[in-house]
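Everything on this sheet refers to the single structure shown next.
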Amino acid sequence: MKNRSLAIMMALVLVLTLMPVVDALASTMYVATSNGKSLNLRDYPSTDGNVISSLPYGSAVTVDDDFVGSSWVHVYLSGVDGYCMSRYLSTSKPGPKPTKTASPTQSGSIYDNLAQCYYTATVRPSSPGGFVHLRWAPSKNQPVQRDYYSGSELVVIAQDGTWCQVYDEVNEASGFMMASFLTARN
């Protein structure tokens, strides 16, 4: 009986001495999706991983600092652990959940500076494997029609310093994309 009590005490001392080490290898981050929706928690660091839970907008998660990849992190919330995309986490608590949905704008002022042109451009997202939004109008506040991945080709039919009006000949779609994510094809 003494050996068992001694073993339990030793295990407790070991756990208590390792707690600061575990805390030092973890940090707190917050779910901060741009649309206010929950974030998928997966069993493997890939979109191919099974969704095992969802992390509500604004919830605090513990991030395992020993596993921080370029796109994925290992997180814990309420006794559940898994992987989520790091771009949807923030070191500061996000504001209230976004509730307003944008609607297409028909105001002529956002179109005034567009000059007609015609050339083919290639989509170049800011991160490998990322995508660029095609919007209804030249503003980040406008709804997204669809997303385009690196290498997609679009025809630019009008532009100003910030936005390009583009046409997708394959999908017969048109809209606006930020000029910084397009490269003119030679």
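The values are calculated or read from the model by the stated rules, or taken from the named source; none is laboratory data. From a predicted model like this one, the values you see are computed outputs, not experimental measurements. Cβ placement follows ideal geometry from the backbone for every residue including glycine, while neighbour counts extend to all protein chains displayed.
The table for this structure:
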| quantity | calculated |
| --- | --- |
| Residue list for the range 55-72, restricted to those being modelled with pLDDT of 90 or more, part of a strand (DSSP E or B) and either under 15 Å from the mean Cα position of the chain (by Cα) or among the charged types (D, E, K, R) (or both) | L55 |
| Subset of the range 148-177 (residues that are at pLDDT below 90 and either in a strand (DSSP E or B) or touching a His at 6+ places or on another chain (Cβ under 7 Å) (or both)) | A173 |
| Any hit, the range 156-173, residues being exposed (fewer than 15 other Cβ atoms within 10 Å of the Cβ) and either of a type in the set (K, R) or closer than 13 Å to Y111 by Cα (or both) | yes |
| Subset of the range 169-185 (residues that are in contact with a Ser or Thr (Cβ under 7 Å, 6 or more places away or on another chain) and free of Cβ contacts under 8 Å to residues at least 40 places away in the same chain) | A179 |
